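Right, one structure below, let's go through it.
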Amino acid sequence: MFPKSCIFETAFQTNMKQRINLLIAFSVVALIVLMTVQCYLVKTAYEYKVAQFHTQIKNEIGAITNNYSDIDSALVSKKEMLYKSLSEKYMKGKKSKLDIKNGVLKTEFQSAITQKIQRKFERDLPDFKIDFAIVLNKFILYNEQETDTIFSEKPFIQNKLYGNLASLNHAFLVRSYVGTTNGTFENEEYKLLTEDSMYVSVIDWEMIILRRMTFILILSFFSIATLISLFVIAIKALIKQKKVSDVKTDFINNITHELKTPLATLGISTKILAQKNIRDNDENFNSIVNTISRQNNRLQNLIDQVMANSLAENEIELQKEKIEAEDFLLSIVNDFKITFPKITLKTDFHTEKTILVLDRFHLTTAFLNVLENAAKYGSNTITVKTKIVEKQFSISFEDDGIGIAKNKQAFLFEKFYRVEQGNLHNTKGLGLGLYYVDQIVKAHQGSVNVISDLGKGTQFTILLKV
C-alpha cells in the first residue's frame with residue numbers, strides 16, 4: 001500500500017504538469033496568432049507601398065509627357081503617314097490584316113523612338129532606372145457604314161512597338177494612348193483608331209520598396225523579437241516555478257520523513273519510561289535516556305542543517321583561525337572512519353604543514369558532507385588528496401561510487417537537489433549537503449568542482465587560498 005501523502009503528491013504533480021502543458025500550448029498558439037497578424041500587417045503595408053510606388057511612377061511619367069508621340073514631331077508624322085499608307089493598301093485589297101499588323105510592328109523608326117523615350121526617362125527621372133515597352137492593342141478602321149477591326153488583342157510583349165522590355169511579367173501599366181487619324185479614300189472619308197499601352201519596370205524596385213519600409217520592418221522585427229523573448233522568458237519562468245515547486249514538495253516530504261523517525265523513537269521511549277519496572281532498573285533507564293538524547297541530537301542537527309543552509313554565502317559569519325591543513329584533514333578522516341568503519345578511507349598528501357586561515361567548524365561540516373555523500377552513493381573506497389595548484393591548496397575527494405551523469409552535474413550544488421534514478425530518489429536526504437559545501441567554500445573565496453561518469457566514481461576538488 002502506498003501512503004496517502006504519496007498518492008496525493010503524485011496526483012498533484014500530474015495535475016500541475018497537465019496545467020503547465022496546457023498553458024504552454026495556449027501560449028504557443030497565442031504567439032503564432034500574434035506573429036501571423038504581424039506578418040499580415042507587414043504584407044498589407046508592403047502591398048500598399050507597392051501600389052503607392054506604382055502611382056508615383058505613373059504620375060511622374062504623366063508629368064513628363066501626356067503622349068509619347070510629342071517626343072519628336074517628325075517621327076510622329078512618319079508614323080501617321082505609315083499608318084495611312086497601310087490602311088489605304090488594305091482598303092485596296094493589296095494588304096491582308098496580318099500584313100498590316102507586321103507593317104505596324106516593324107518600322108524603320110522603332111529604334112529611334114525607343115532611344116528618345118529612354119533618354120527622356122534618364123533625364124527627367126534620374127532616381128530610377130526604367131525599362132519600358134509600348135505595345136499595340138488595337139488597329140481599327142471605320143466609316144459611316146461599317147467598322148473593320150484589323151487588330152484587337154490583349155497586351156502582349158510580342159506586339160511591342162517601342163521599348164527595351166523583354167517581358168511584361170514584372171512590369172505594370174502606366175497609361176494607355178488612344179489615337180485617331182482621319183483620311184479620305186476614293187472620295188470616302190474614313191477614320192483610323194489605334195490604342196497603345198505603356199508598361200514600365202523599375203530596376204530593383206523591390207529594394208526601393210524595402211528601403212521605404214525600413215522603419216516598419218525594424219518595428220515589426222523588434223515587435224516579433226520582443227514577443228518571442230517574452231514567450232521564452234515566461235516559459236522559462238514557468239518551468240523554473242514548476243521545478244521550485246517540485247523541489248519544495250520533495251524537500252517537505254524528505255524533511256517529514258527524516259523527522260518522523262526520531263519523533264517516533266522519542267514517543268516510544270517516553271512511553272517506556274512511564275513504566276515503573278524500567279525506572280527501577282538503572283541499566284534500562286540509562287539506555288532509554290541515551291536513546292532519547294541521541295534522537296534529540298538528531299533532531300537538533302536536522303534543524304541546524306536547514307537553518308545553516310538558509311543563509312547565502314555572503315551572510316555566513318566565519319570564525320577564521322590559522323590551521324595546519326594536513327592535521328585538520330587527518331582529524332576529519334579519523335572521525336569519519338569511526339562513523340563509517342566499513343569504508344576504506346585513504347590519504348595521499350603531497351603537501352606538508354600548509355597553514356591556511358579557515359573556519360574550522362564550517363569546513364569540518366563541509367568536508368564531512370562530501371565524505372558522507374560518497375558513502376551514501378555506494379563508495380567502498382575514498383581517497384583524500386592534497387597538492388598545491390597555482391598557489392592554491394587543492395583538496396580532492398575521490399571515490400569509487402556509482403558516479404553522476406553528465407547532465408546532472410550542473411545541478412549538484414543547487415539547494416534541495418538530489419540525484420535521482422528515473423523518477424525515484426533511492427537515497428534519503430534533504431538535498432542540502434553539497435549546497436552547503438558550495439556556500440562554505442565560496443564564503444572562503446574558494447571554488448569546488450566535480451568530475452564524474454556513471455559507474456566510474458566521482459572526484460570533488462576544493463581549491464582554497466594559501
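The values are calculated or read from the model by the stated rules, or taken from the named source; none is laboratory data. What you see is a predicted model, and the numbers here were worked out from it, not measured in a lab. A quick note on method: Cβ atoms are made from the backbone with ideal geometry, for glycine too, and the neighbour counts reach across all protein chains shown. When the accessible area is computed, the model is the full protein with side chains, heavy atoms only, and any ligands, DNA or RNA have been set aside. Shrake-Rupley method; radii C 1.70, N 1.55, O 1.52, S 1.80 Å.
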> Quick one: in segment 152-172, which of the residues that are in contact with a helix residue (DSSP H, G or I) (Cβ under 6 Å, 6 or more places away or on another chain) and over 19 Å from Glu122 (Cβ atoms) is surrounded by the fewest Cβ atoms within 10 Å (Cβ to Cβ)?
Replying inline: Ser167
> How many residues does segment 392-406 contain that are within 40 Å of the chain's Cα centre (by Cα) and part of a loop (DSSP other than H, G, I, E, B)?
Replying inline: 5
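Condition test on Lys101, is it assigned to a loop (DSSP other than H, G, I, E, B) and either closer than 30 Å to Glu188 by Cα or in contact with a Leu (Cβ under 7 Å, 6 or more places away or on another chain) (or both)? Don't jump to the end; show me each part of the working.
Working: assigned to a loop (DSSP other than H, G, I, E, B): no; either closer than 30 Å to Glu188 by Cα or in contact with a Leu (Cβ under 7 Å, 6 or more places away or on another chain) (or both): yes.
No.
With respect to Thr270, determine if the residue is farther than 30 Å from Gln439 by Cα, surrounded by 14 or more Cβ atoms within 10 Å (Cβ to Cβ) and either at pLDDT below 70 or not small (Gly, Ala, Ser) (or both). Can you show your working first?
Working: farther than 30 Å from Gln439 by Cα: yes; surrounded by 14 or more Cβ atoms within 10 Å (Cβ to Cβ): no; either at pLDDT below 70 or not small (Gly, Ala, Ser) (or both): yes.
Answer is no for this residue.
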> Mind checking which pairs have a first residue in segment 198-222 that is within 24 Å of Asn59 (Cα to Cα) and a second that is assigned to a helix (DSSP H, G or I) and among the basic types (Lys, Arg), Cβ under 8 Å, 6 or more apart or different chains?
Replying inline: Ile209/Lys49; Arg212/Lys49; Met213/Lys49
> For segment 110-147, what are the residues that are part of a strand (DSSP E or B), of a type in the set (D, E, K, R) and either free of Cβ contacts under 8 Å to residues at least 12 places away in the same chain or under 24 Å from Glu60 (Cβ atoms) (or both)?
Replying inline: Asp131
>> Of everything in segment 69-102, what is in contact with a helix residue (DSSP H, G or I) (Cβ under 6 Å, 6 or more places away or on another chain), over 16 Å from Asp148 (Cβ atoms) and either of a type in the set (Gly, Ala, Ser) or modelled with pLDDT of 85 or more (or both)? Give them in sequence order.
In response: Ser69
>> I'm trying to understand the selection: among the residues of segment 99-110, which are of a type outside the set (Asp, Glu) and either over 20 Å from Pro155 (Cα atoms) or touching a strand residue (DSSP E or B) at 6+ places or on another chain (Cβ under 7 Å) (or both)?
In response: Ile100, Lys101, Val104, Leu105, Phe109, Gln110
>> Among the residues in segment 294-301, are any farther than 27 Å from Gly403 by Cα, modelled with pLDDT under 85 and among the charged types (D, E, K, R)?
In response: yes
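For segment 331-344, check the following and say yes or no: at least one residue is open to solvent by less than 70 Å² (accessible area, probe 1.4 Å), over 16 Å from Glu372 (Cα atoms) and modelled with pLDDT of 65 or more. Quick ask: steps written out before the conclusion?
At the first step, the residues of segment 331-344 found to be open to solvent by less than 70 Å² (accessible area, probe 1.4 Å) are 331-333, 336, 340, 343-344.
Applying the additional criterion that residues be over 16 Å from Glu372 (Cα atoms) yields none.
The answer is no; no qualifying residue exists.
For segment 171-197, which residues satisfy the criterion of being farther than 23 Å from Ala63 by Cα, touching a strand residue (DSSP E or B) at 6+ places or on another chain (Cβ under 9 Å), touching a residue at least 12 places away in the same chain (Cβ under 8 Å) and not basic (Lys, Arg)?
First pass over segment 171-197, keeping only residues farther than 23 Å from Ala63 by Cα: 181-193.
Still in the list and also touching a strand residue (DSSP E or B) at 6+ places or on another chain (Cβ under 9 Å): 181-184, 189-193.
From what's left, touching a residue at least 12 places away in the same chain (Cβ under 8 Å): 181, 183, 189-193.
Those that are farther than 23 Å from Ala63 by Cα, touching a strand residue (DSSP E or B) at 6+ places or on another chain (Cβ under 9 Å), touching a residue at least 12 places away in the same chain (Cβ under 8 Å) and not basic (Lys, Arg): Thr181, Gly183, Glu189, Tyr190, Leu192, Leu193.
Just to be sure before I move on: is Val384 at pLDDT 90 or above, more than 35 Å from the chain's Cα centre (by Cα) and open to solvent by 30 Å² or more (accessible area, probe 1.4 Å) in the structure I sent?
Working: at pLDDT 90 or above: yes; more than 35 Å from the chain's Cα centre (by Cα): yes; open to solvent by 30 Å² or more (accessible area, probe 1.4 Å): no.
Judged against the criteria, Val384 is not a match.
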>> I'd like to check something: does segment 220-238 contain any residue that is exposed (fewer than 15 other Cβ atoms within 10 Å of the Cβ), under 22 Å from Leu299 (Cα atoms), modelled with pLDDT under 85 and hydrophobic (A, V, I, L, M, F, W, C)?
In response: no
